[in-house]
């Protein structure tokens, strides 16, 4: 089970949102680069960075500067999501050194563009983010609600050639209320996709629940707020895997 620390960027700062609401934001650190270095020092294998400004279609120049510094200051690979809606967007962040990208809106709304992106970059680099509210996929920074069921989108992207998805239950994200283990594992079982769990992790016990379904294909988990609120450390999480 790969433990992936999350760093959400808003105006160049490290923040967390509650249930993805941009008006419900808490700033945890003014220096995301140092946050990334600390995670690297603790043993992180990969970092999950979210450009919230880009996701909300706002000016993200500050976040891009931070992203550039963060990548240059750490040897830990970066997985980036937020506002990546064209192959040109992906090309630009790849040039910065981003190892893997997470796309959500395009996967739900534009299967033709998803196919083009997969053709250009491949399924090792392109991951689909499936973000769901009450089982239905949300897009455009979680501000738009589609009528597509999360499991249906998972089936579609699997058929398109995607190998991995990040599944997030929006209602649990930033709430420390525990992960949606049932739907997360069902997506993995029914599609054969590799699944990264995201949203709601609050304790080491929650991690044990995710690890219990690892044989289904849930092989990694993203953790954000639990680290920032001091619920447990990355070191403690990694120790579970020893």
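Across the stretch 180-197, what is the total count of residues that are touching a helix residue (DSSP H, G or I) at 6+ places or on another chain (Cβ under 9 Å) and either without any contact (Cβ under 8 Å) to a residue 24 or more places away in the chain or over 14 Å from residue 131 (Cβ atoms) (or both)?
10
Residue by residue through the stretch 157-175, note down the ones that are part of a loop (DSSP other than H, G, I, E, B) and either more than 22 Å from residue 110 (Cα to Cα) or at pLDDT 85 or above (or both).
Within the stretch 157-175, the subset part of a loop (DSSP other than H, G, I, E, B) is 161-163, 170-175.
Answer for the stretch 157-175, where residues must be part of a loop (DSSP other than H, G, I, E, B) and either more than 22 Å from residue 110 (Cα to Cα) or at pLDDT 85 or above (or both): 161, 162, 163, 171, 172, 173, 174, 175.
Please verify whether the stretch 67-86 includes one or more residues that are more than 25 Å from residue 37 (Cβ to Cβ) and in contact with a helix residue (DSSP H, G or I) (Cβ under 8 Å, 6 or more places away or on another chain).
The answer is yes, given that some residue of the stretch 67-86 is more than 25 Å from residue 37 (Cβ to Cβ) and in contact with a helix residue (DSSP H, G or I) (Cβ under 8 Å, 6 or more places away or on another chain).
Could you grab me the full set of residues in the stretch 98-111 that are over 24 Å from residue 179 (Cα atoms), assigned to a helix (DSSP H, G or I) and either touching a strand residue (DSSP E or B) at 6+ places or on another chain (Cβ under 9 Å) or touching a residue at least 60 places away in the same chain (Cβ under 8 Å) (or both)?
106, 109
Does the stretch 88-97 hold any residues that are at negative phi and surrounded by fewer than 20 Cβ atoms within 10 Å (Cβ to Cβ), and which are they?
Keep residues of the stretch 88-97 that are at negative phi, which gives 88-96.
Those that are at negative phi and surrounded by fewer than 20 Cβ atoms within 10 Å (Cβ to Cβ): 88, 89, 91, 92, 94, 95, 96.
Report, by residue number, each residue of the stretch 65-78 that is outside any loop (DSSP other than H, G, I, E, B), surrounded by fewer than 22 Cβ atoms within 10 Å (Cβ to Cβ) and within 17 Å of the chain's Cα centre (by Cα).
78
Any residue at all in the stretch 125-146 that's closer than 22 Å to residue 54 by Cα, touching a helix residue (DSSP H, G or I) at 6+ places or on another chain (Cβ under 8 Å), at pLDDT 95 or above and not in a strand (DSSP E or B)?
Yes, there is a match, as at least one residue in the stretch 125-146 is closer than 22 Å to residue 54 by Cα, touching a helix residue (DSSP H, G or I) at 6+ places or on another chain (Cβ under 8 Å), at pLDDT 95 or above and not in a strand (DSSP E or B).
List pairs: first residue in the stretch 56-73 and at positive phi, second residue in a loop (DSSP other than H, G, I, E, B) and at pLDDT below 95 anywhere in the structure, Cβ distance under 8 angstrom, at least six positions apart or on different chains.
Close Cβ pairs (under 8 Å, with a partner that is in a loop (DSSP other than H, G, I, E, B) and at pLDDT below 95) amount to 57/83; 57/140; 57/141.
Out of all the residues in the stretch 2-15, which are on the phi < 0 side of the Ramachandran plot and crowded, with 16+ Cβ neighbours inside 10 Å?
3, 4, 5, 6, 7, 8, 9, 10, 13, 14, 15
Just the residues that are farther than 13 Å from residue 162 by Cβ and surrounded by 15 or more Cβ atoms within 10 Å (Cβ to Cβ), please, taken from the stretch 100-112.
105, 109, 110
Here's the yes/no breakdown for (1) in contact (Cβ under 8 Å) with a residue 40 or more places away in the chain; (2) in a loop (DSSP other than H, G, I, E, B); (3) surrounded by 15 or more Cβ atoms within 10 Å (Cβ to Cβ); (4) more than 16 Å from the chain's Cα centre (by Cα):
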| site | (1), (2), (3), (4) |
| --- | --- |
| 17 | yes, no, yes, no |
| 34 | no, no, no, yes |
| 53 | yes, no, yes, no |
| 83 | yes, yes, yes, no |
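Kindly check whether there is at least one residue in the stretch 112-132 that is closer than 29 Å to residue 22 by Cα, in contact (Cβ under 8 Å) with a residue 40 or more places away in the chain and more than 18 Å from the chain's Cα centre (by Cα).
No, the stretch 112-132 contains no residue that is closer than 29 Å to residue 22 by Cα, in contact (Cβ under 8 Å) with a residue 40 or more places away in the chain and more than 18 Å from the chain's Cα centre (by Cα).
The values are calculated or read from the model by the stated rules, or taken from the named source; none is laboratory data. Note that the structure is predicted; figures quoted are calculated from it, not measured. Cβ sites come from the backbone with ideal geometry, for glycine too, and all protein chains shown count toward neighbours.
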